[in-house]
1. Only one residue in 14, 33 is surrounded by 17 or more Cβ atoms within 10 Å (Cβ to Cβ), in a strand (DSSP E or B), in the same structural domain as residue 120 (by TED's automatic domain parsing) and in contact with a helix residue (DSSP H, G or I) (Cβ under 7 Å, 6 or more places away or on another chain), so which one is that?
2. So, in the stretch 124-149, how many residues would count as being out of contact with any helix residue (DSSP H, G or I) (no Cβ under 7 Å at 6 or more places or on another chain) and surrounded by fewer than 24 Cβ atoms within 10 Å (Cβ to Cβ)?
3. For the list (1) free of Cβ contacts under 8 Å to residues at least 60 places away in the same chain; (2) touching a strand residue (DSSP E or B) at 6+ places or on another chain (Cβ under 7 Å); (3) farther than 18 Å from residue 30 by Cβ, I need the number of the one condition that residue 63 fails.
4. Does any residue of the stretch 44-60 turn out to be over 26 Å from residue 133 (Cα atoms), touching a strand residue (DSSP E or B) at 6+ places or on another chain (Cβ under 6 Å) and buried (at least 21 other Cβ atoms within 10 Å of the Cβ)?
5. Here is a list: 252, 317, 263. Which entry is surrounded by fewer than 22 Cβ atoms within 10 Å (Cβ to Cβ) and either farther than 23 Å from residue 10 by Cβ or over 22 Å from the mean Cα position of the chain (by Cα) (or both)?
6. Any idea which residue in the stretch 195-207 is nearest to the chain's Cα centre (by Cα), counting only those that are closer than 15 Å to residue 241 by Cα and buried (at least 21 other Cβ atoms within 10 Å of the Cβ)?
7. Restricting attention to the stretch 162-170, does a residue exist that is free of Cβ contacts under 8 Å to residues at least 60 places away in the same chain and over 28 Å from residue 234 (Cβ atoms)?
């Protein structure tokens, strides 16, 4: 029958994984709208290039915020246009595995399901992001052995202790890549009286951002507008200043992880202590996150290979579990959390 699909609906990027082909689409989750006619002008990369550079007639929106849908109609349009790009067969409707944050409400789940079902799919299965990230990072979560995964994405950070294809304990916190960008914008405004855009802050974060002191100091030139005079201005930011801007948000994530570990059953804690934790998600590539976690938790920490695609790859590997979701066979534990 038709090709099955895995969909990673991220706050920053939408990724589509085709069974047997791997990740075939990786586009920014951005859409631009003409305010006069309410028509969509561009989606994905084209819309992303418009951020901060539009006229008063055009608005650039992020239909997903904090890992959940904030604008239903635009999210539906974005998903439909992304599925069209990969030529999904209309004759045989596909089955889809979708990743969702681990602590979203039933209403938020319903919004995800409804926005995807409008694109014409046969069946929708949900998988929680830490579970997908663990599978994508090649952890064996089907055995009675504890694994700790922390997925630091664009809108949310999801963390969970996993065992027997399920979540023993989890936490989700709305501090991730977007919050780091905002922290850089606020810091530069406060210190240099310089107003910069989100794109500039993101470039600064990717180039010199760190949450643990770098061995050699890097600099990055940010350009924007002077808040007092309104004239163009630039400033050279060092990696130490970026550290100062980002460390508070990073420590909040670490404290949530420490709080979760305090509530973890002791048997699982023993497994985690011997194996260490795995970081996934695009923001896990921020310099020093593994060192910060290692220092604060006294545990071994590693960043997964290809961290930003772990959730999409894991959701793709979970496609084979769709058939066993209907099975009543004894002893089959399924990583999928719900089907619609």
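The values are calculated or read from the model by the stated rules, or taken from the named source; none is laboratory data. All figures in this text were calculated on a predicted structure; none of them were measured in a lab. Every residue, glycine among them, receives a Cβ derived from its backbone with ideal geometry; neighbour counts consider all protein chains shown.
1. Values: 33 fails: in contact with a helix residue (DSSP H, G or I) (Cβ under 7 Å, 6 or more places away or on another chain).
Every option except 14 fails the conditions.
2. Adding up the residues that qualify gives 6.
3. (3)
4. Scanning the stretch 44-60 turns up at least one residue that is over 26 Å from residue 133 (Cα atoms), touching a strand residue (DSSP E or B) at 6+ places or on another chain (Cβ under 6 Å) and buried (at least 21 other Cβ atoms within 10 Å of the Cβ).
5. On the way: 252 fails: either farther than 23 Å from residue 10 by Cβ or over 22 Å from the mean Cα position of the chain (by Cα) (or both); 317 fails: either farther than 23 Å from residue 10 by Cβ or over 22 Å from the mean Cα position of the chain (by Cα) (or both).
263 is the lone residue from the list that is surrounded by fewer than 22 Cβ atoms within 10 Å (Cβ to Cβ) and either farther than 23 Å from residue 10 by Cβ or over 22 Å from the mean Cα position of the chain (by Cα) (or both).
6. Restricting to residues being closer than 15 Å to residue 241 by Cα and buried (at least 21 other Cβ atoms within 10 Å of the Cβ), the top hit is 205.
7. Kept after step one, since they are free of Cβ contacts under 8 Å to residues at least 60 places away in the same chain, are these residues of the stretch 162-170: 162.
Now narrow it down to the ones that are over 28 Å from residue 234 (Cβ atoms): 162.
The answer is yes; a qualifying residue exists.
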